[in-house]
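Visitor: Below: one structure in structure tokens.
The values are calculated or read from the model by the stated rules, or taken from the named source; none is laboratory data. Keep in mind that what you see is a predicted model, and the values were worked out from it rather than measured. Cβ placement follows ideal geometry from the backbone for every residue including glycine, while neighbour counts extend to all protein chains displayed.
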Amino acid sequence: MMNFSEEQHLEDLVPLYEEAFIWLNAAATECVKTRNVDLELMIEGCQHTAQMVSDIIQRDPCPIRQQALEQLKLTLENHLKVLRTKKLQLDSGLPSLHNLQASGKSNSDEDKRANGRHLAIEETILKPGNVSFKDIAGLTEAKQLLMEAIVMPLQYPQLFTGGRKPWRRILLYGPPGTGKSRLAQAVSSEISSTFYSVSSSDLISSWVGESEKLIKELFKHAMSKAGRSVIFIDEIDSICRCRSSREEEHTRRIKTELLRQMEGVDNPSGLEKLFLMCATNRPWELDSAFLRRFQKRIYIPLPDENARKAMFKIHSAMSDVQLSGQELNDFAGQTEGYSGSDISNVILSALFEPIHDMQKATHWKELPDQTYTPCLSQESGSIEGVLSDFPQEKVKPRNVTVRDLLRSLESCQKTVSQDELTSFKSLPGRWDKVVVRRNSRF
């Protein structure tokens, strides 16, 4: 339950929340249009919302809201990268290769496009975040391997000389929601080197030949930086699917260019300064030529019972939910087959149960701090009324209980199917996979 000081903080933040909503709603409204879309308004809306969310994070004392706001901020930053890239393409007037040859465009136009690609790649550079390895339950071996591959070579370069060279290419694969992208975020927090967080939308362009140039620019940009750089490509399967005779020519060229850059064809010496980490939920769709180039392929499985117990312990502490050791064991046992993301959804759904009760409440009681919370009609001193009868700043939800978690479990089902798990188990035996055990150690 919030004290008076925390309640006052929240009251002061209400105008910021409202203004952030107005900006985000303006961007969302523009996004659903099918014509006459104002790209600058969308960018402006996302920018203002991201800035206000950052301000709220600094001032809001509630760790639960801070965690949700951090996720919102990350989503907004990813959308801004896509929108700015698209704006650069439109401002540069990128033509198709056929039109470029027919019109005989000058070198100055190519310079503009090259500058646009350079700026688009710089947008993928990720600033160190708040997620560290200790915030990720389990995955001990994966964290150890990433420490050895990325962090330690930067901290102790004298240990990695001669034949002992750090791995340069690692593939993280496993069911969705198991922590692959979160591991990448933790790596960016652990190092002071340049970290590129790239998705397929950053590299795929509708203009002929532009995707290959973007890929080349990414690796060139990373190798030009002082020290060692890290490139993380999420959902690599969307770019590197198995080749077939029906594959379009431009798709084949994109794969060929990525393979060339992974081998350092353009800059063999610069490859030593570069570490490539990729993630996928569908490794069986990856082309074999790409699989051969990953020195380590790490399977990130669903959390085991100990890891699930650790997740519930972490989330319940952040949510002020008191769970006994037996209750933690019960919840861990009931969530077999749940991913880390599924468990986060269970907790989030439970946090909304008190809000649901407030909307349905018909009786309220006054608390010592002169705020009101729902209660039973037979409670002494109860006041009959509905939520709208009270001043907005004077209502307070009840605390989250074990019963809320049980209700949440009924509505939040696991999202990884047995067929998907079977697909991972039936991967070819030639994979030299490192199976990471999901345990509760940090």
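Visitor: For segment 171-182, does any single residue satisfy the condition of being more than 20 Å from Ala307 (Cβ to Cβ), touching a Ser or Thr at 6+ places or on another chain (Cβ under 9 Å) and crowded, with 20+ Cβ neighbours inside 10 Å?
Guide: So in segment 171-182, the residues more than 20 Å from Ala307 (Cβ to Cβ) come out as 171.
Right, trim to touching a Ser or Thr at 6+ places or on another chain (Cβ under 9 Å) and you get 171.
After this cut, where a residue has to be crowded, with 20+ Cβ neighbours inside 10 Å as well, the list is 171.
Checking segment 171-182: at least one residue is more than 20 Å from Ala307 (Cβ to Cβ), touching a Ser or Thr at 6+ places or on another chain (Cβ under 9 Å) and crowded, with 20+ Cβ neighbours inside 10 Å.
Visitor: Inspect all residues belonging to segment 124-132 and state whether any of them is modelled with pLDDT under 80, in a loop (DSSP other than H, G, I, E, B) and polar (S, T, N, Q). Can you show your working first?
Guide: Residues of segment 124-132 modelled with pLDDT under 80: 126-131.
Subset that is in a loop (DSSP other than H, G, I, E, B): 126-131.
Still in the list and also polar (S, T, N, Q): 130.
Yes; the residues of segment 124-132 include at least one that is modelled with pLDDT under 80, in a loop (DSSP other than H, G, I, E, B) and polar (S, T, N, Q).
Visitor: Please state which of the following conditions Glu336 fails to meet, knowing it meets all the rest: (1) under 15 Å from Thr415 (Cα atoms); (2) touching a residue at least 60 places away in the same chain (Cβ under 8 Å).
Guide: For Glu336, the failing item is (2).
Visitor: Filter segment 215-225 down to residues that are in contact with a helix residue (DSSP H, G or I) (Cβ under 7 Å, 6 or more places away or on another chain) and surrounded by 22 or more Cβ atoms within 10 Å (Cβ to Cβ), then give me how many there are. Don't jump to the end; show me each part of the working.
Guide: So the first thing to find is which residues in segment 215-225 are in contact with a helix residue (DSSP H, G or I) (Cβ under 7 Å, 6 or more places away or on another chain), and the list is 215-219, 221, 223.
Right, trim to surrounded by 22 or more Cβ atoms within 10 Å (Cβ to Cβ) and you get 215, 218-219.
Qualifying residue count, segment 215-225: 3.
Visitor: Which pairs do you get when a residue that is touching a residue at least 60 places away in the same chain (Cβ under 8 Å), found in segment 346-371, comes within reach of a residue that is of a type in the set (D, E, K, R), reach meaning Cβ atoms under 6 angstrom, with the pair 6+ apart or on two chains?
Guide: Thr371/Lys394; Thr371/Lys396
Visitor: A further question follows. Are any of the residues in segment 195-204 of a type in the set (Asp, Glu) and surrounded by 15 or more Cβ atoms within 10 Å (Cβ to Cβ)? Break it down into steps so the answer makes sense when it comes.
Guide: Taking segment 195-204 first, the residues of a type in the set (Asp, Glu) are 202.
Checking which are surrounded by 15 or more Cβ atoms within 10 Å (Cβ to Cβ) leaves us with 202.
So far as segment 195-204 goes, yes, one or more of its residues are of a type in the set (Asp, Glu) and surrounded by 15 or more Cβ atoms within 10 Å (Cβ to Cβ).
Visitor: Pick from Glu272, Glu212, Glu248: which is outside the structural domain of Asp342 (by TED's automatic domain parsing) and closer than 20 Å to Ile170 by Cα?
Guide: Values: Glu212 fails: closer than 20 Å to Ile170 by Cα; Glu248 fails: closer than 20 Å to Ile170 by Cα.
Criteria check complete, one pass: Glu272.
Visitor: Mind listing whichever residues of segment 193-237 are polar (S, T, N, Q) and not in a helix (DSSP H, G or I)?
Guide: Initial filter on segment 193-237 (polar (S, T, N, Q)): 193-194, 197, 199-201, 205-206, 211, 224, 229.
Passing the criteria: Ser193, Thr194, Ser197, Ser199, Ser205, Ser206, Ser229.
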